[in-house]
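I have placed the structure first, in the form of structure tokens, so that the comments after it can refer back to it.
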Amino acid sequence: MMNHIADTVLMVRPTKFRKNEETAVNNYFQDDLSIENEQVNKRAQEEFDKFVGTLKMHGINVFVVEDNSASDTPDSVFPNNWVSFHQDGTAVLYPMFAENRRKERDLDIWKSLAASNLQVKKVHDYSSVEHFGHFLEGTGSMILDRKNKVAYCALSDRADKALFEKFCADFKYTPVTFSAYQTDGDKRKRIYHTNVMMCIASEFAIVCLDCIDDAKEREKVVQSLRDAKKQIIAITEEQLHHFAGNMLQLKSTNGRKYLVMSSTAAKSLQPHQIVSIQKHCDIIHSKLDAIETCGGGSARCMMAEVFLPNFETDAVIQ
């Protein structure tokens with residue numbers, strides 16, 4: 001039984017994708033392309049469609065919802081920041097740092113889920129605290145080890161410690177907090193989302209330990225992963241900038257496990273790292289250059305795992 005690994009994801013096809021000026025203030029992965037926004041969006045849509053096709057080809061269920069073209073939501077392609085789904089039928093809504101990202105929660109994803117007999121029994125909504133300057137951007141801010149009920153969070157402008165600890169208390173996770181940094185120019189700046197420097201899979205964890213500057217905090221993270229019996233696959237900060245930390249383990253409907261990433265991330269991996277990953281699962285990758293450059297996020301950010309009961313079987317998706 002591997003019900004801590006999803007075989008189903010929700011993805012949002014963008015209609016207004018571009019570099020989001022409201023998130024660029026603390027997402028140091030974002031950059032510009034020297035083309036018009038309309039062309040940026042077109043390239044993002046092409047990358048999105050190919051990525052969805054690759055996932056489906058490997059037997060992974062994908063719910064695609066088209067973004068509302070009337071909304072100015074340049075980051076709608078990253079739904080895992082505003083919603084997560086849990087096996088007890090709970091959907092969780094999260095408070096977002098950027099005002100224009102808050103509009104993403106208006107998207108009607110519920111009909112698409114219900115049409116496939118997936119049951120949202122209740123909604124746990126933390127979003128109201130964003131008006132008081134408290135943020136926790138879903139499984140961007142948190143890495144959930146669903147099997148061992150441990151949650152990891154690199155604190156930042158988008159990851160409030162008290163709110164993270166409240167989430168952990170509400171959903172019975174053990175919290176592990178720390179600070180993570182990247183070099184931007186000649187300064188060390190906080191990493192905006194934990195999921196760009198850390199990925200938890202069933203048997204292993206990919207983590208950029210070089211980003212955790214404090215030795216005690218670094219050892220705390222390492223010990224927690226060891227306690228969970230995870231093989232630690234360390235990546236460098238240079239690999240982090242190629243989105244080698246932004247990965248997600250999924251499985252096909254027949255139970256075959258995959259580590260999903262961008263082609264940029266896959267190309268940055270060293271042979272020994274690939275061997276370590278492939279001891280446990282295969283690798284799927286897809287080209288996401290425009291989305292990574294302008295959005296500052298990659299493959300993991302584009303997928304919201306769906307763990308929900310099924311109307312027809314009244315059983316949790318396995």
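Readers should treat all values here as calculations from the given coordinates under stated rules, not as data from a laboratory. Not measured: the values here are computed from a predicted model. Cβ coordinates were reconstructed from backbone atoms using ideal geometry, including for glycine residues, and neighbour counts include every protein chain displayed.
General remarks:
- Percent of Cα-Cα distances greater than 31 Å, calculated over the chain: 23
- Spin-label model distance (nm) - Arg226 vs Asn3, 7 Å beyond Cα toward Cβ: 3.2
- Distant-in-sequence amide contacts of Gln231, defined by a placed amide H-H separation under 5 Å and a gap of 5 or more residues or a different chain, comprise Phe204, Ala205.
- The chain - share of DSSP beta bridges that are antiparallel (%, nearest 5): 50
- Choice from Thr23, Thr264, Thr183 showing the highest fluctuation, given a GNM over the chain with Cα pairs closer than 10 Å: Thr183
- Loop-located trypsin sites (Lys or Arg not before Pro) in segment 167-207, at most 16 other Cβ atoms within 10 Å (DSSP): Lys172
- Theoretical ellipticity at 222 nm over the chain - DSSP helices of four or more residues, -39500 (n - 2.57) apiece, nearest 500: -7000 deg cm²/dmol
- Among Asn100, Asn80, Asn246, residue whose mean-square fluctuation peaks in a GNM of the chain (springs only between Cα atoms under 10 Å): Asn100
- Relative contact order [Cα under 8 Å, 6+ residues apart], segment 8-305, whole percent: 22
- Rg and Dmax, both from the Cα atoms of segment 94-243 and both in Å, are 16.4, 52.
- Share, in percent, of DSSP beta bridges within segment 196-268 that are antiparallel, nearest 5: 65
- For Val12, the amide hydrogen comes within under 5 Å of the amide hydrogens of Val65, counting only partners 5 or more places away or on other chains and with H modelled in the peptide plane.
- Stretchable slack from His272 to Ala215, in nm (0.36 nm times residue separation minus alpha-carbon distance): 18.0 nm
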